[in-house]
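Engineer: Structure provided below as structure tokens; questions to follow.
The values are calculated or read from the model by the stated rules, or taken from the named source; none is laboratory data. The model shown is predicted, which means the values in this text are computed figures rather than measured ones. Virtual Cβ from ideal backbone geometry, glycine too; neighbours counted across all protein chains shown. Note: accessible area is taken over every heavy atom of the protein model, side chains too, but ligands, DNA and RNA are not part of it. Shrake-Rupley method; radii C 1.70, N 1.55, O 1.52, S 1.80 Å.
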Amino acid sequence: MKLENSFLILILLFTIVSQCRGGFDSLENEFFKENGGEPNEIIVSDYCILGAGTTGSVLASKLADTGKGILLVEEGPWALDPGIWNAPNWSEWLRKTPDPVIIKIFNGKPQQSLNNRTLSSTRGKVIGGCNSVNAMVVMGGSSSDYQEISRLSENSYLTWENAKEALEDVQNHYSLYRLPNNRILFPEMRQALESLGYLYNNETLKNGRIRGSYNDRVYMMKFHPDTNNATRQTSFSQYVERDIVHKRNLRVLSGERAVKIHFTKRDGKLIVKGVLLENVGITKSTYVRIKKELIVSMGAIETPKWLQLNGIGDRNYIESIGIKSVLHSPEVGKGFREDMYCGYFGRPLSDKYKNTTIPHRSSVHDGFHVYGPPDNNSTKSTSSEYILNYDVAQQGFLCHFESTRMGSEGYIRITDKDRKKDPEISIDIMNNRENLLTYAKALKECRILEKKLVILGVLSNSTYGPSIPSDTESMGDYIEYIRNKASYASHPCCTVRMGGANSSSPIDSRFKLRGTENLRVIDASVLPSPVSGNPNIPLVVLATQAAKSIVDERVDF
């Protein structure tokens, strides 16, 4: 996306956001009196979506197709930093110059199972959300993932059959750049994989059975053959920006922090009447008068934090830190899950190849995605237990491995009513022996692949790699390596889970916060179970199907 286009959109959006003043009713006057006085601006909208990230952007676009008024609100700024869009230099930009204005890093509590190390999760605080700062990895998810989410949530929109339709829509919105699979050393890499029983899967999104397969690297970027360069694509750029001129009912605000929900009551249920915003740069407040629904799409860390700040959570705890309880919902913030990521740098190239130039075609990873373990038909699950980012690069063997669907759970919890303070994040992700062994098996498989490439003459048979400079095959050594090196993959989820009629989950099967009439949560926090792999595309599917659910329900007041 070119910067001049961004500025044009910014000017356009400024001109189409309607403003009105006055005409307050008694409930609004009372709310303003309790929250700093009359606002500087009033906006009226059918739907207000808080968070212009992966899910919020898709929801805004889909709901705008109904003709209803949609207001999309983002606390962060417009995505104008060239480093966001310059895909080949993404990794260097993020690692060397992380801009705190657009990138938020949340630190967790020390984890005993990881030798008391403190891990951090990186989140996007910018238009486009995490889509604007993530690795752009494309994984469609497995059919078992979707079926499990549908079963636990009792939401038929999320079945694999319905998800496949949404994945078709994804393909219509993104370019999905696939790295060519004819690179040097790929035949040898394939031979090593297939000797373990892995099968090549050419279908990136809709195969459904990822377990025991490997595929080419695919990214959410557009390749430009004239310059041999690529540009990042986000859910905002692909769903909102590209057709906002034709959706005059869709409005976007950036640099606006949601502060307070204005609740009223009817028939024993809370009704969202409006939401108060404050500008992050100047002293200015805005009240959004909501005609239909408020949708929270802030992500798996910010969403439970914001709900708790608004008095939604465990009543006793909320009131113990000086916040008036509005709705007793004790499971808000519980069930926190994260994927783990661990780098493995193996042996260098053999003498035969050490002077061979291996092109570096991506700022993230080249090579193959490998969804382990190899499928021996011992399970009906199509989901992977771990993922190998498998490559032979100029520096030698690389096999960075990720956990999926780790069993340990933690929590997200505010510690006082200061909304600028980060929440407490607690999980001991490797305290489960089964988790450790599964993750260690991923490292063991990396080592097996490395040895096979030594036999094939690709890697040195005399020089060890820097990660584990020995021939050890001890699971104990592998586990200790993981304890010292593993980090978060920055895929948090499941902190405000959705569930069926008999569930204690905070969110019902239609994404509504139980006890409210018109407040929905739609983001990674509502997942009742994690997906086996990068959640980027599955969250786009979630938002697409949630929008269908809302439209079919035809909520009106």
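Engineer: Ignoring ligands, DNA and RNA, please state the percent of accessible area on segment 39-135 from carbon and sulfur, probe 1.4 Å. Walk me through the numbers before you get to the answer.
Structural biologist: Numbers: 1620 of 3300 Å².
For segment 39-135, the apolar C and S fraction of the accessible surface comes to 49 percent.
Engineer: On to the next question. I'd like to know which of M298, T234, I318 lies farthest towards the positive end of the charge dipole of segment 186-332, counting +1 on Cβ of Lys and Arg and -1 on Cβ of Asp and Glu.
Structural biologist: Going by the Cα projections, it comes out as I318.
Engineer: What is the distance in Å between the Cα centres of segment 517-549 and segment 40-61?
Structural biologist: The distance from the Cα centre of segment 517-549 to that of segment 40-61 comes to 16 Å.
Engineer: Of T544, T357, which has the most accessible area and how do the rest follow, probe 1.4 Å?
Structural biologist: On the way: T544 5, T357 110 Å².
Of T544, T357, the descending order of accessible area is T357, T544.
Engineer: Which is farthest toward the positive dipole end of segment 143-258 among L185, A163, N201, measuring Cα position about the Cα centre, with Cβ charges +1 (Lys, Arg) and -1 (Asp, Glu)?
Structural biologist: The residue sitting most towards the positive pole is L185.
Engineer: Per DSSP helix of 4 or more residues, -39500 (n - 2.57); summed, then divided by the residues of the chain. What does that give at 222 nm, rounded to the nearest 500?
Structural biologist: On the way: 13 runs with 146 residues, N = 557.
That calculation yields -8000 deg cm²/dmol at 222 nm.
Engineer: How big is the charge dipole of segment 166-274 about its Cα centre, in debye rounded to the nearest 20, if each Lys and Arg gets +1 on its Cβ and each Asp and Glu gets -1 on its Cβ? If you can, show how the numbers build up before the last one.
Structural biologist: On the way: 19 positive and 11 negative charges, 168 e Å.
Using Cβ point charges on Lys, Arg, Asp and Glu, segment 166-274 gives about 800 debye.
Engineer: Taking all protein chains in place and a 1.4 Å probe, what share, in percent, of the accessible surface of segment 247-310 do carbon and sulfur account for? Show your work: numbers first, answer last.
Structural biologist: On the way: 1030 of 2230 Å².
Answer for segment 247-310 is 46 percent, counting heavy atoms of protein chains only.
Engineer: Any idea how many Lys pairs in segment 22-129 come in under 22 angstrom at the alpha carbon, given 8 or more places apart or on separate chains? Could you put the intermediate results ahead of the total?
Structural biologist: On the way: K96/K104; K96/K125; K104/K125; K109/K125.
For segment 22-129, the number of qualifying lysine pairs is 4.
Engineer: Right, another one. In straight Cα distance, which lysines are under 20 Å from K452, not counting same-chain residues fewer than 8 positions off?
Structural biologist: K352, K354, K441, K444
Engineer: While we're on this one: In percent, what relative contact order does segment 193-275 have, based on Cα pairs under 8 Å that are 6 or more apart in sequence? Don't skip to the answer; put the middle values down first.
Structural biologist: Details: 58 pairs, mean separation 11.1, N = 83.
About 13 percent, as a whole number.
Engineer: About its Cα centre, what dipole magnitude does segment 105-235 give when the only charges are +1 on Lys and Arg Cβ and -1 on Asp and Glu Cβ, stated in debye to the nearest 20?
Structural biologist: 580
Engineer: Here is a further query. For segment 125-229, just say rounded, prolate or oblate: build the C-alpha gyration tensor, square-root its eigenvalues into a ≥ b ≥ c, call rounded for a/c under 1.5, and beyond that prolate if a/b exceeds b/c, oblate if not. All intermediate terms of the calculation are to be shown ahead of the outcome.
Structural biologist: Details: a/c = 2.28, a/b = 1.19, b/c = 1.92.
The shape class here is oblate.
Engineer: Given a 1.4 Å probe and every protein chain left where it sits, what share in percent of the accessible area of segment 432-477 is carbon and sulfur?
Structural biologist: Working: 1170 of 2300 Å².
Its accessible area is 51 percent carbon and sulfur atoms.
Engineer: Taking H as built 1.01 Å from N, whose amide H comes closer than 5 Å to the amide H of A393, not counting residues under 5 places away?
Structural biologist: Those qualifying (amide H under 5 Å, at least 5 residues apart or on another chain) are L398.
Engineer: With a Förster radius of 25 Å, plug the Cβ-Cβ distance of R151 and N432 into 1/(1 + (r/R0)^6) and report the FRET value to the nearest 0.05. Kindly include the intermediate steps, with their values, before the conclusion.
Structural biologist: On the way: r = 23 Å, r/R0 = 0.92.
After rounding, the FRET efficiency stands at 0.65.
Engineer: Considering every pair of different Cα atoms, what Kirkwood radius, in Å, is found for segment 360-429?
Structural biologist: Details: mean 1/r = 0.0634 Å⁻¹.
Hydrodynamic radius (Kirkwood, Cα only) of segment 360-429 equals 15.8 Å.
Engineer: For segment 270-329, I need the span (max minus min coordinate) of the C-alpha atoms along each principal axis, in Å, sorted largest to smallest.
Structural biologist: Computed over segment 270-329, the largest-to-smallest principal extents equal 33, 28, 22 Å.
Engineer: Something else now. Can you bin segment 305-359 into rounded, prolate or oblate? Criterion: square roots of the alpha carbon gyration tensor eigenvalues sorted a ≥ b ≥ c, rounded for a/c under 1.5, prolate for a/b above b/c, oblate for the rest.
Structural biologist: Values: a/c = 6.68, a/b = 5.38, b/c = 1.24.
Because a/c hits 1.5 or more and a/b exceeds b/c, segment 305-359 counts as prolate.
Engineer: Work out Dmax and Rg for the chain from the C-alpha atoms and quote the Rg first, both in angstrom.
Structural biologist: 24.0, 81
Engineer: Let me ask another. Starting at 0 and stepping by 5 Å, how many percent of the alpha carbon pairs of segment 457-533 end up in each bin?
Structural biologist: 3, 12, 15, 12, 9, 9, 7, 8, 8, 7, 5, 4, 1, 0
Engineer: If the only charges are +1 at each Lys and Arg Cβ and -1 at each Asp and Glu Cβ, what is the size of the charge dipole of segment 462-557 around the Cα centre, to the nearest 20 debye?
Structural biologist: Magnitude of the dipole: close to 380 debye.
Engineer: Among the listed pairs K284/K324; K324/K421; K164/K421, which have their C-alpha atoms separated by more than 29 angstrom in this model?
Structural biologist: Numbers: K284/K324 25 Å; K324/K421 18 Å; K164/K421 40 Å.
As for pairs spanning more than 29 Å Cα to Cα, those are K164/K421.
Engineer: Determine the shape class of segment 164-217: with a ≥ b ≥ c the square roots of the Cα gyration tensor eigenvalues, call it rounded for a/c under 1.5, and otherwise prolate if a/b is greater than b/c, oblate otherwise.
Structural biologist: Values: a/c = 5.51, a/b = 1.64, b/c = 3.35.
It comes out oblate by the Cα gyration axes.
Engineer: For segment 374-425, what does the accessible surface come to per residue with a 1.4 Å probe? Please give it in Å². List each step's numbers first, then the result.
Structural biologist: Numbers: 2260 Å² over 52 residues.
It amounts to 43 Å² per residue over segment 374-425.
Engineer: Run a plain Debye calculation on segment 216-339 (Cα atoms as equal point scatterers, no solvent) and give log10 I(q)/I(0) at q = 0.10, 0.12, 0.13 Å⁻¹, rounded to two decimals, same order as the q list.
Structural biologist: Values, matching the q order: -0.51, -0.69, -0.78.
Engineer: What does DSSP give for the chain in terms of the percent of beta bridges that are antiparallel, rounded to the nearest 5?
Structural biologist: On the way: 61 of 88 bridges.
If we restrict to bridges inside the chain, about 70 percent are antiparallel.
Engineer: Taking a cut-off of 20 Å between Cα atoms, list the aspartates and glutamates near K420, but don't count ones fewer than 8 places away on the same chain.
Structural biologist: E34, E74, E75, D99, E256, E278, E302, E319
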